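A short write-up of the structure that comes next.
The values are calculated or read from the model by the stated rules, or taken from the named source; none is laboratory data. Because the structure is predicted, anything quoted here is derived from the model rather than measured. Glycine also receives a Cβ, built like all others from the backbone with ideal geometry; neighbour counts cover every protein chain displayed. Heavy atoms of the whole protein, side chains included, go into the accessibility calculation; ligands, DNA and RNA do not. Shrake-Rupley method; radii C 1.70, N 1.55, O 1.52, S 1.80 Å.
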Amino acid sequence: TYRLPSFNDLYYNSIGNSNLKSENAESLNLGLTYGFKKNDWTIQTTTDMYRNSITDKIVAIPTKNLFNWSMQNIGNVLSHGIDFNVFYAIKKNNISLHLTTSQSLNKSVDVTNLNSPTYGHQIPYTPIYNGNYTISLGYYKTYLSVTTLHSGKRYVLNENIDFNKLPGFIDLSCSVSRTLFFKKQKLYINLQAANLLNNNYEVIKSFPMPGRYYRIKLIYNL
């Protein structure tokens, strides 16, 4: 497979790099999906194992602030890992319960130059571990959901040293949603409380995420 750099990757103001090369990858993937359904409950699992050899991988790295990034190629990247997903659902009368989890282990290292100090180091902003868990309880058209996101440590530059390390974080959120019907029209309402632990974690170095916050989402279909 290959990926051409986008117009923004090449030319966007203060970000673009007109010398970017296309990203090429040779991929090997082995996947297994198993599902089982009985009466009121369903379970499905998916496992994928992969190994990718990537040439001229395109990566974005923040520079002086959150809105100024630098696009660059990393000559050769070897990426291997495993993704594991589980979905479980049960419904009884008007009550439903959904459990979902996704786990990912991804080792993506720079193998461009054997003599480079960054040889064998994890590429920037790519955590080795990612995981999320969601529990959703429904009653008629009302749903209560709790979601947990867990991201492992990352490095902000090519060299994996303590100065460049960003610690992992856990984000816990919950939401309540309901769909209202009016003849052939419907209104979807979602109320969310995000980052319940009130952690000012950093996804991007030097730019901590906001603490606990709330938002409302409305979708009206005509």
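Any residue in segment 206-215 that is under 30 Å from Val109 (Cα atoms), crowded, with 17+ Cβ neighbours inside 10 Å and of a type outside the set (D, E, K, R)? Explain how you work it out, then say what you get.
Start the filter on segment 206-215 by keeping residues that are under 30 Å from Val109 (Cα atoms), which leaves 206-209.
Keeping just the survivors that are crowded, with 17+ Cβ neighbours inside 10 Å gives none.
Among the residues of segment 206-215, not one is under 30 Å from Val109 (Cα atoms), crowded, with 17+ Cβ neighbours inside 10 Å and of a type outside the set (D, E, K, R), which makes the answer no.
Filtered by the rule that a residue be of a type outside the set (S, T, N, Q) and modelled with pLDDT of 85 or more, segment 16-26 gives Leu20, Lys21, Glu23, Ala25, Glu26.
Of the residues examined, Asn13 is one that is open to solvent by 70 Å² or more (accessible area, probe 1.4 Å), at pLDDT below 90 and not in a helix (DSSP H, G or I). Selection over segment 16-34 of residues that are surrounded by fewer than 13 Cβ atoms within 10 Å (Cβ to Cβ), of a type outside the set (D, E, K, R) and under 29 Å from Gly81 (Cα atoms) gives a count of 9. Kindly indicate whether Lys107 is closer than 27 Å to Thr45 by Cα, at pLDDT 90 or above, under 23 Å from the mean Cα position of the chain (by Cα) and open to solvent by 50 Å² or more (accessible area, probe 1.4 Å). So Lys107 fits the description; yes.
A Cβ distance below 7 Å, combined with a sequence gap of six or more or placement on separate chains, defines the contacts here; from segment 10-26, residues that are on the phi > 0 side of the Ramachandran plot reach residues that are not in a loop (DSSP other than H, G, I, E, B) in the pairs Ser14/Asn68.
Scanning segment 187-207 for any residue that is among the charged types (D, E, K, R), under 30 Å from Leu78 (Cβ atoms) and not in a strand (DSSP E or B) turns up at least one such residue. Of all the listed residues (Thr112, Thr179), the sole one being surrounded by 15 or more Cβ atoms within 10 Å (Cβ to Cβ), of a type outside the set (Asp, Glu) and farther than 26 Å from Trp69 by Cβ is Thr179. Here the condition is being modelled with pLDDT under 90, β-branched (Val, Ile, Thr) and closer than 26 Å to His150 by Cα; of Ile123, Ile61, it holds for Ile61 alone. If you take the residues of segment 154-179 that are under 14 Å from the mean Cα position of the chain (by Cα) and not aliphatic (A, V, I, L, M), which of them is nearest to Gln72 (Cα to Cα)? Applying the filter and picking the extreme gives Arg154. Evaluate the following for Leu197: is it within 20 Å of Gly152 (Cβ to Cβ) and open to solvent by 70 Å² or more (accessible area, probe 1.4 Å)? Here the answer is yes, as Leu197 does meet what is asked. Within segment 124-167, being closer than 15 Å to Ala89 by Cα and either open to solvent by less than 50 Å² (accessible area, probe 1.4 Å) or among the small types (Gly, Ala, Ser) (or both) holds for Thr134, Ser136, Gly138, Ser145.
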